[in-house]
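Below: one structure, written as structure tokens.
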Amino acid sequence: MCERDFNERYKEIERSIIKKFRREIWRKFTAAINEYQLIKDGDSIAVCISGGKDSILMAKLFQELLKHGKQNFSLVFLVMNPGYSELNYNIIKENARLLKIPIQVFNSEIFDIVAEQEGSPCYVFARMRRGHLYSKAKELGCNKIALGHHFDDVIETIVMGMLYGAQIQTMMPKLHSTNFKGMQLIRPLYLIRERDIIHWAKYNNLNFIQCACKLTEGLSCGDTEQGSKRSEVKALIKELAGKNPYIEKNIFRSVENVNLNTIIAYKDNTGEHHFLDNY
């Protein structure tokens, strides 16, 4: 592809976010930014790119917001290389080049470390990855990291918590780091549906890495224990939504409409509380 065609394709991909996918993606992105107050003037945000469709789209959305938005903030596009295969690493670099995302790459040995750990490799990897991202972002002067979790991740987490964890909780749109003082995590794709991200990627004929973990390269991401549970929940939600189109939104809103007077017990920062305490 010649440089002219390369630049034209880049412009078309970027334009599609604001034009064709304005309602499904752009408006929901800005809605989450505003509703959950994810950005403040003076923020320095490390946009964490794994190489998948979600994080790459998030990077482009942030670039558009910086161009057209009102907030005064700065961005760092951070890629942690935990030991990617050469194929996956090249895909990440090529997408960054095509989409003109100025990535900063740093290396870690997480894959090798996780290989020696017990338990779900994907869960252990995710926990360790977040710590490394916080650390590098803070080193670069950032006060926030942005991750690419979307609406479907949120509702799946709610259902998984109930069915497998015996708890009611959600994936929060933002939270304070417990180990890195002054750092926060934000999730700006919080209101965007996964199907719309997939549609955007296919419309623009973009290819992304799937499951990047060397530990599960022979499997699909749904074949690990953690992945299989999420796949089961995803399938369950899809089945229920086929019968009731409000199911997904109702799951999402269920954690916004909690009435503590109808809860047997709950926990907060002060401890555990039971309905009989003040009966």
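For this structure, a couple of remarks:
- Three principal axis lengths of the chain [C-alpha, angstrom, descending]: 73, 45, 42
- Screening the chain for whole DSSP H helices of 15 Å or more along their axis (Cα) with average Kyte-Doolittle hydropathy at least 0.5 returns 151-165.
- Within straight-line reach of K229, meaning a Cα separation under 15 Å, sit the following aspartates and glutamates at least 8 residues removed in sequence or on another chain: D152, D153, E156.
- Cut-off of 10 Å, at most 16 other beta carbons, DSSP loop: longest stretch of the chain lacking such GluC sites (Glu not before Pro): 1-108
- 5 angstrom amide H check on C48, placed H, neighbours 5+ away: L78, A146
- Inter-part distance, the stretch 246-267 to the stretch 159-189, computed on C-alpha centroids, equals 16 Å.
- Per DSSP, loop trypsin sites (Lys or Arg not before Pro) in the stretch 1-71 with at most 10 further Cβ within 10 Å: K19, K70
- Taking the helices alone, the chain has a mean residue ellipticity at 222 nm of -15000 deg cm²/dmol, built from -39,500 (n - 2.57) per DSSP H run of at least 4 residues and averaged over all its residues.
Each reported figure results from applying straightforward, stated rules to the coordinates on display, with no laboratory input. Note that this is a predicted model, so its numbers are computed, not measured. No Cβ is skipped: glycine too gets one built from the backbone with ideal geometry, and neighbour counts run over all protein chains shown.
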